[in-house]
Amino acid sequence: MFKVVSSDGTVIACERHGDAGPALVLVGGTLMPRARHAPLAALLARDFSVVNYGRRGRGDSGDHPVYDVQREIDDLDAVIERVGGPVFLFGMSSGAVLTLEAVARGRAVSALALYEPPFVSTGPAPRCPPTTSTA
């Protein structure tokens, strides 16, 4: 385990798994402690140098009394800087949104993998196809 310090002084806990290839940072969802991605990190460590970090307020990572998305992006920046970007990012749920925000803000990212970003369309919902019954 290692730690990085975000721009507001918050300490962020990280783990490195493997050193077989490019740096891949795992960004978990809102309710996901770092341990949730440990099995995925172990699998990916065969092909990547995986960094699994705890988002602020989770597990061994510190927090700030006032939440701001920019602080989460700053945390990710600190991880990327320590790893030495550009990096690959895997974001799950709200972590997927953070990875997209990091890219939109010009962070050193060379590839993305996103799983279930929680976006809601403001337009009308598509209709489901009619179901057929064989009974």
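The values are calculated or read from the model by the stated rules, or taken from the named source; none is laboratory data. Only a predicted model underlies this, so the values are computations on that prediction, with no experimental measurement involved. Don't worry about glycine lacking a Cβ; one is built from the backbone with ideal geometry, like all the others, and counts go over all protein chains shown. Keep in mind that these areas ignore ligands, DNA and RNA; they rest on the heavy atoms of the full protein, side chains included. Shrake-Rupley method; radii C 1.70, N 1.55, O 1.52, S 1.80 Å.
So, residue 91, is that one open to solvent by less than 50 Å² (accessible area, probe 1.4 Å), touching a Ser or Thr at 6+ places or on another chain (Cβ under 9 Å) and part of a loop (DSSP other than H, G, I, E, B) or not? Criteria not met by residue 91.
Out of curiosity, is residue 71 assigned to a loop (DSSP other than H, G, I, E, B) and charged (D, E, K, R)? Spelling it out, it is not the case that residue 71 is assigned to a loop (DSSP other than H, G, I, E, B) and charged (D, E, K, R).
Checked against the criterion of being acidic (Asp, Glu), surrounded by 17 or more Cβ atoms within 10 Å (Cβ to Cβ) and free of Cβ contacts under 8 Å to residues at least 40 places away in the same chain, region 65-86 contains one or more residues that satisfy it. Note on region 28-39: among residues that are small (Gly, Ala, Ser) and in contact (Cβ under 8 Å) with a residue 24 or more places away in the chain, the one that is farthest from residue 17 (Cα to Cα) is 29. When restricted to residues that are free of Cβ contacts under 8 Å to residues at least 40 places away in the same chain, part of a loop (DSSP other than H, G, I, E, B) and open to solvent by 40 Å² or more (accessible area, probe 1.4 Å), region 40-57 contains 3. Among the residues of region 97-110, the ones that are among the aliphatic types (A, V, I, L, M), more than 11 Å from residue 30 (Cβ to Cβ) and either open to solvent by 60 Å² or more (accessible area, probe 1.4 Å) or assigned to a helix (DSSP H, G or I) (or both) come to 4 in all.
Of all residues in region 58-72, none satisfies being among the aromatic types (Phe, Trp, Tyr) and touching a helix residue (DSSP H, G or I) at 6+ places or on another chain (Cβ under 6 Å).
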